[in-house]
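The values are calculated or read from the model by the stated rules, or taken from the named source; none is laboratory data. Note that the coordinates shown come from a computational prediction; the quantities given were computed from them, not determined experimentally. All Cβ positions, glycine included, derive from the backbone under ideal geometry; neighbour counts span all protein chains shown.
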Amino acid sequence: MLMQNVTFYLRHSRVQKDGKMPIYVRIRLGKEKIEQTIGYTINPKNWNSINECVLKCQEADLINSVIRS
């Protein structure tokens, strides 16, 4: 049986001029790995890496709904 793992994280190597970082998703299926941006950037102080969600910001509800779906 293949092991599946989905992780959301900020890509620190892609910091924008305004200090925001893109949110990426990493999908592992067995030995295969895919990493892709989800199309949103946020200030890193608004990111909860433990719960993999956005904290207080205007787009928090929208981004978190994308992450949960």
Legend entry - Residue, nearest to the chain's Cα centre (by Cα), within segment 41-64, restricted to residues that are surrounded by 13 or more Cβ atoms within 10 Å (Cβ to Cβ) and part of a loop (DSSP other than H, G, I, E, B): 52
Inset, instruction - Sort out which residues of segment 19-67 are among the basic types (Lys, Arg), free of Cβ contacts under 8 Å to residues at least 12 places away in the same chain and under 19 Å from residue 5 (Cβ atoms), and write them in order of number. - result: 31, 33
Legend entry - Checking residue 38 against (1) in a loop (DSSP other than H, G, I, E, B); (2) in contact with a helix residue (DSSP H, G or I) (Cβ under 7 Å, 6 or more places away or on another chain), the condition it does not meet: (1)
Inset, instruction - Provide a single number: the residues in segment 8-31 that are of a type in the set (Ser, Thr, Tyr), more than 11 Å from residue 41 (Cβ to Cβ) and either in contact with a Leu (Cβ under 7 Å, 6 or more places away or on another chain) or modelled with pLDDT of 95 or more (or both). - result: 1
Legend entry - Close pairs from segment 1-18: first closer than 18 Å to residue 54 by Cα and surrounded by 10 or more Cβ atoms within 10 Å (Cβ to Cβ), partner among the hydroxyl-bearing types (Ser, Thr, Tyr) and at pLDDT 90 or above, Cβ under 6 Å, at least 6 apart: 9/24; 11/24
Inset, instruction - Check whether at least one residue in segment 28-42 is under 23 Å from residue 62 (Cβ atoms) and among the basic types (Lys, Arg), and report yes or no. - result: no
Legend entry - Number of positions in segment 6-34 that are closer than 21 Å to residue 65 by Cβ, part of a strand (DSSP E or B) and more than 9 Å from the chain's Cα centre (by Cα): 3
